[in-house]
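Undergrad: This structure is in structure tokens; I'll ask about it shortly.
The values are calculated or read from the model by the stated rules, or taken from the named source; none is laboratory data. Note that the structure is a prediction, hence the values are computed from the model and not measured. So basically every Cβ, Gly included, is an ideal-geometry build from the backbone, and we count neighbours across all protein chains shown.
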């Protein structure tokens, strides 16, 4: 039955597109009922995605659908087409599944908001673009989705646009993304230049072959790999373009959960996985990816340890986890990276939604220093967040353990001990900051105002449903998908799309040792958090005072934003001032100059005009006067004078006649 | 020929005297003499009617009129003031030039006397006047009438109420 | 000296003398008389030609000339009388009201 549905699978992105359209243009009519349009749209997409998944589960071969020709110019052809393979199916489920849960959660969370319909419209629109990104069968179409999710991110971060901080954050997100996108575009252009098309099938076959045949020309392919990765750096918030993600927390929390944890930020990971043949042919690029990932993982992790805003902790945590994923990709463990993507979607989505629940319950209090002791009043939220925390920390048998451990193992096994060390440190920090968050928020005495305490209540079922679902997935998802390590169902499923040189996966004692090590890292982190925030709560303050330089550095996020502002932004500001000045003086110069020229010319003309015209007129008058003055003397009044003159004339004429004209 | 010469000479002489006499009455008298000599010269040309008309009209009517006016406007100072105009010199030149031109024309080509035709007789004159030239004749009558009226109107004394 | 030359010279001389008189004399009546003299010279020429060319038209024309001379003399003298009433003079150069 599901097989017969394959021909219509291309409808998957269209349901949310329709939903976005309806809510966008007619939302003001239904207002409070907007979710009746949005939810079914996503639900349908999810069900269809399940169907796709089921089909591919049985037979792993990919299915491609071309809808229509988009660009057809001389020799260059781009069509709108979808590729349904195991990789895209995985992403489909993540996007539509988590998307559906976030939509349901939003019913409760955004209940009182005035822009309810607008919110759902944007959310649907996002799903549409993300699905386009994921399903595209060529780079240009993927880029369409890429840009589209960037747009939706902007719209949703700046959802409460009346707040300056929100609109600033939205702009920052979009602009920083754009920097990455510039690289992405250049990469696509190079691809077109090299191969003549952007279709995955052609490109991912041609380029590696090209490198094989012409090893000397591997530079261009590496360049393409780097440029595409630049886009990923922007979209997936790695160093140095991660700065937008913490600011993006200005948006509604469900948005943070969906876009900035589960889906959009993972687009970069997906893209690299999709292009893995290309990356395998560009080892330099892969090294860079791995180093960037590891560095980001550690860097962001350090910042997360001292943040007080609950969402900021989670934001930096996301950056850090994305770093883990890129590390995996960089060392060649593509499947491991995807695995972590999926588990991360579960537990990070859960953590964000839980944080939303906390914020919603505490009368919009986000500062953890003002929270505490919420365990009793928010039991469901607490339980689910605890599960999420355990998952992210990498405690077995929760989801995060399996994926993170696999990454660490692969890193070490593929011969990157230094990176392994960095990643391990990051893992310890992960456990530390997440338990810190849990302790500060749920344990101890509450620091909320009595007013707020009064309002404390568990979230409505629409919200808790999502929490519970994700908690369940965080609990068993990792085990179900990823056990045995590197040989689990997930790996088998994905290996159809990601052809790797087959290596025997033996579960050795070495692996076991590493697993123990991972557990130890988690345990260490937990212990430190327990120490600092349960046993000796005065320690953090004392340490902060003693090592205040370090503390200041971390708390102020290494002043990266300030650095950017002083360098890049200052440069861009002065450039724009320069162009403005240029523009103004040039344009004004020309205009004023023209004006002055006209005035001068007319002045000359006036002068000339006056002299000449007046001169002529006056001259004429004077001449007339003179002449008439002379000629009037002829009028003597004497008749005989007249007769004389006449006679004289007549005689003269006669003389002429007689003597000259014979 | 000789008598003709005499008459012509008389005419020229009296014309000369006409324009050079101080007393205008003397000028008038000499003019009459000129007119009469012209009339006689007409006789020599067998234009009897015209000679008669000349004597009756010109010497008779017109000169009488002039004499009347002369007598009406006689003033003493006429005799005391200078006779000739200031522009006399130039006038003499011009008149002389005229005379020269005319003389030149005269002596260059002499018109022949067409003896094969008949001399115009009075009857011819009368006939022509009342057939071919009747229109100018009538016009001349109207002109005379007009002149008559004009004269009366212009010379009338202004009426005082 | 043919008879033609004589008559034409007569006419020419009369005419010239008439012109001279009209230009020279200060007395207006003498001027009028000079004009009559001119007309006479013309008449002589006309009639002479009538005789030479055996054509009657010369005489006809001479009649008309005399007629016109009569009118003109009459009207001219009338004007002179009228002017005389204005200024009691017949000197031409004192009739200069049209002077500039």
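Undergrad: Given the condition farther than 24 Å from residue A:197 by Cα and surrounded by 20 or more Cβ atoms within 10 Å (Cβ to Cβ), answer yes or no: does some residue in segment A:58-72 qualify?
TA: Quick first cut of segment A:58-72, residues farther than 24 Å from residue A:197 by Cα only: A:58-60.
Filter once more, keeping what is surrounded by 20 or more Cβ atoms within 10 Å (Cβ to Cβ): none.
Scanning segment A:58-72, I find no residue that is farther than 24 Å from residue A:197 by Cα and surrounded by 20 or more Cβ atoms within 10 Å (Cβ to Cβ), so the answer is no.
Undergrad: Scan segment B:36-50 for residues that are more than 9 Å from chain C (Cβ to nearest Cβ) and over 12 Å from the mean Cα position of the chain (by Cα) and jot them down.
TA: Within segment B:36-50, B:40, B:43, B:48 meet the criteria.
Undergrad: On the basis of being modelled with pLDDT under 85 and either touching a helix residue (DSSP H, G or I) at 6+ places or on another chain (Cβ under 8 Å) or part of a helix (DSSP H, G or I) (or both), does residue B:112 make the cut? Quick ask: steps written out before the conclusion?
TA: Working: modelled with pLDDT under 85: yes; either touching a helix residue (DSSP H, G or I) at 6+ places or on another chain (Cβ under 8 Å) or part of a helix (DSSP H, G or I) (or both): yes.
Against the criterion (modelled with pLDDT under 85 and either touching a helix residue (DSSP H, G or I) at 6+ places or on another chain (Cβ under 8 Å) or part of a helix (DSSP H, G or I) (or both)), residue B:112 qualifies.
Undergrad: Now, a different point. Taking the conditions exactly as written (surrounded by fewer than 24 Cβ atoms within 10 Å (Cβ to Cβ), closer than 26 Å to residue B:141 by Cβ and within 7 Å of chain B (Cβ to nearest Cβ)), does residue C:35 satisfy them or not?
TA: Numbers: surrounded by fewer than 24 Cβ atoms within 10 Å (Cβ to Cβ): yes; closer than 26 Å to residue B:141 by Cβ: yes; within 7 Å of chain B (Cβ to nearest Cβ): no.
For residue C:35, the condition - surrounded by fewer than 24 Cβ atoms within 10 Å (Cβ to Cβ), closer than 26 Å to residue B:141 by Cβ and within 7 Å of chain B (Cβ to nearest Cβ) - is not met.
Undergrad: Still on this structure, I have one more. So, in segment C:50-68, how many residues would count as being more than 7 Å from chain B (Cβ to nearest Cβ) and buried (at least 22 other Cβ atoms within 10 Å of the Cβ)?
TA: Residues flagged as more than 7 Å from chain B (Cβ to nearest Cβ) and buried (at least 22 other Cβ atoms within 10 Å of the Cβ) within segment C:50-68 amount to 1.
Undergrad: Looking only at segment A:201-222, decide whether some residue is buried (at least 21 other Cβ atoms within 10 Å of the Cβ), closer than 21 Å to residue A:136 by Cβ, under 22 Å from the mean Cα position of the chain (by Cα) and in contact (Cβ under 8 Å) with a residue 24 or more places away in the chain.
TA: no
Undergrad: Do we have residue A:526 as touching a helix residue (DSSP H, G or I) at 6+ places or on another chain (Cβ under 6 Å) and in a helix (DSSP H, G or I) here?
TA: Working: touching a helix residue (DSSP H, G or I) at 6+ places or on another chain (Cβ under 6 Å): yes; in a helix (DSSP H, G or I): yes.
It is true that residue A:526 is touching a helix residue (DSSP H, G or I) at 6+ places or on another chain (Cβ under 6 Å) and in a helix (DSSP H, G or I).
Undergrad: Here is a further query. Tell me, which helices (runs of 4 or more DSSP H) wholly within segment A:348-460 include 1 or more residues that are modelled with pLDDT of 85 or more? Steps first, answer last, please.
TA: Working: elements: A:379-393, A:399-413, A:417-442, A:450-455.
The helices (runs of 4 or more DSSP H) meeting that bar are A:379-393, A:399-413, A:417-442.
Undergrad: Look through segment B:95-106, keep the residues that are at the interface with chain C (Cβ under 7 Å from one of its Cβ atoms) and touching a helix residue (DSSP H, G or I) at 6+ places or on another chain (Cβ under 6 Å), and return whichever of them is modelled with the lowest pLDDT. Write out each step before concluding.
TA: So the first thing to find is which residues in segment B:95-106 are at the interface with chain C (Cβ under 7 Å from one of its Cβ atoms), and the list is B:95, B:98-99, B:102-103, B:106.
Now restrict to residues that are touching a helix residue (DSSP H, G or I) at 6+ places or on another chain (Cβ under 6 Å): B:95, B:98-99, B:102, B:106.
Numbers: B:95: 86, B:98: 87, B:99: 87, B:102: 86, B:106: 82.
Taking the candidates together, the pick is B:106.
Undergrad: Restricting the search to segment C:16-31, which residues are assigned to a helix (DSSP H, G or I) and at the interface with chain B (Cβ under 7 Å from one of its Cβ atoms)?
TA: Just the residues of segment C:16-31 that are assigned to a helix (DSSP H, G or I), to begin with: C:16-24, C:28-31.
Scanning segment C:16-31 gives C:16, C:17, C:19, C:20, C:21, C:23, C:24, C:29, C:30.
Undergrad: Could I ask something else about it? Of everything in segment B:62-85, what is part of a loop (DSSP other than H, G, I, E, B), in contact with a helix residue (DSSP H, G or I) (Cβ under 9 Å, 6 or more places away or on another chain) and either facing chain C (nearest Cβ under 8 Å) or modelled with pLDDT of 90 or more (or both)? Give them in sequence order.
TA: Taking segment B:62-85 as the starting set, the residues that turn out to be part of a loop (DSSP other than H, G, I, E, B) are B:73-76, B:81-83, B:85.
Checking which are in contact with a helix residue (DSSP H, G or I) (Cβ under 9 Å, 6 or more places away or on another chain) leaves us with B:73-74, B:83, B:85.
If the condition is that a residue be part of a loop (DSSP other than H, G, I, E, B), in contact with a helix residue (DSSP H, G or I) (Cβ under 9 Å, 6 or more places away or on another chain) and either facing chain C (nearest Cβ under 8 Å) or modelled with pLDDT of 90 or more (or both), then B:73, B:83, B:85 are the ones that fit.
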